[in-house]
Amino acid sequence: MKKPSSKKPPKTPVHAIKPPLARQVRIIGGAWKRTPLAVLDSEGLRPTPDRVRETLFNWLNHLLDGNWDKVRCLDLFAGTGALGFEAASRGAPDVTMIEHNTPAVRQLEATKIKLDASQVRILRSDAATWLSKAGAEAERYDLIFLDPPYLQGWLEKILPLCQGLLAEQGLLYLEAEFALEANDLPAWLSGWQLLRADKAGIVFYHLLKRQATSA
């Protein structure tokens, strides 16, 4: 019987070991359709999945009649920029992204350069701090994206500050770890109307607008 070889298998050179592929999401439609966006491995960074963005932007296209050329966007907790770059890809002429995480900001800047996205402005700031400082002098936005880290109470802090920055007929996208029910909205959503809602896995996503004030 042949004895097993005592020779050890050759080691794979370190330079030949390929690093794991970075996670990615992709832009769904518009001028930059199918462009991949890198997802950093960072705590709290949770990009809106492709499937969710596809549904969301179908809602928005319907409500906006596809008229993106006059839609001014604010992307709070921008992260990968998937929502803001998606809006810019579809023709939004002015997209402001707010992000506090420094590596994420660097990645956003790199993506902006890669896409030559001159309509995108990236600001490194905590969302609540930026909103508080924006005040009455701030510009009004037609669409606000709000996708904060889960389980940190951000929605209760941020929603009241968003009302003053939203244009009269503006829309707000809200992503959460729980569902919102149109007939049973929490107190911190006072003054808002739920237009659309859906769920994908553990992601609950919603589209709202400000309630019309009675004369």
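Evaluating 6.51 cos²θ - 1.76 cosθ + 1.60 at θ = phi - 60° for every residue in segment 52-66, the Karplus couplings come out as 5, 5, 4, 5, 4, 6, 5, 4, 5, 4, 5, 6, 9, 6, x Hz, glycine and proline recorded as x. For residue 192, the residues whose modelled amide H falls within less than 5 Å of its own, excluding neighbours fewer than 5 places apart on the same chain, are 211.
Nonpolar atom fraction for segment 72-166, defined as the carbon and sulfur part of the 1.4 Å probe accessible area, stands at 51 percent. Using DSSP, restrict attention to beta bridges with both residues in segment 87-215 and report what percent are antiparallel, rounded to the nearest 5. Of all bridge pairs located within segment 87-215, approximately 60 percent are antiparallel. Accessible area per residue (1.4 Å probe, heavy atoms of protein chains only) ranks 173, 150 as 150, 173, with the largest value leading.
A simple packing score, the average count of other Cβ atoms within 10 Å per residue, orders the peptides 113-121, 86-94 as 86-94, 113-121, with the highest score first. Label-to-label distance, residue 113 versus residue 199, with points set 7 angstrom from Cα along the beta-carbon direction: 4.3 nm. Across segment 144-149, coupling constants 3J(HN,Hα) worked out from phi with the 6.51/-1.76/1.60 Karplus curve, θ = phi - 60°, read 10, 9, 10, 9, x, x Hz, and Gly and Pro carry x.
I need the shape label for segment 83-140. Rule: rounded when a/c is under 1.5, else prolate if a/b > b/c, else oblate, with a, b, c from the alpha carbon gyration tensor. Judged from the Cα gyration tensor, segment 83-140 comes out oblate (a/c at least 1.5, b/c at or above a/b). Across the cross-link table entries 112/133; 70/199; 112/209; 33/133; 33/70; 114/199, which are compared at the Cα atoms, the separations over 27 Å belong to 70/199; 112/209; 33/133; 114/199.
Each Cα pair under 8 Å and six or more residues apart adds its separation to the average, and for segment 85-215 the resulting relative contact order is 19 percent. In segment 84-168, a dipole from Cβ-located charges (positive for Lys and Arg, negative for Asp and Glu) runs towards its positive end, and of 161, 118, 128 it is 118 whose Cα lies farthest in that direction.
The values are calculated or read from the model by the stated rules, or taken from the named source; none is laboratory data. Here the structure is a predicted model, which is why all the values come from computation and not from measurement. For neighbour counting, all protein chains shown are included, and Cβ atoms are generated from backbone atoms with ideal geometry for every residue, glycine included. Only protein heavy atoms, including side chains, enter the accessible area calculation; ligands, DNA and RNA are left aside. Shrake-Rupley method; radii C 1.70, N 1.55, O 1.52, S 1.80 Å.
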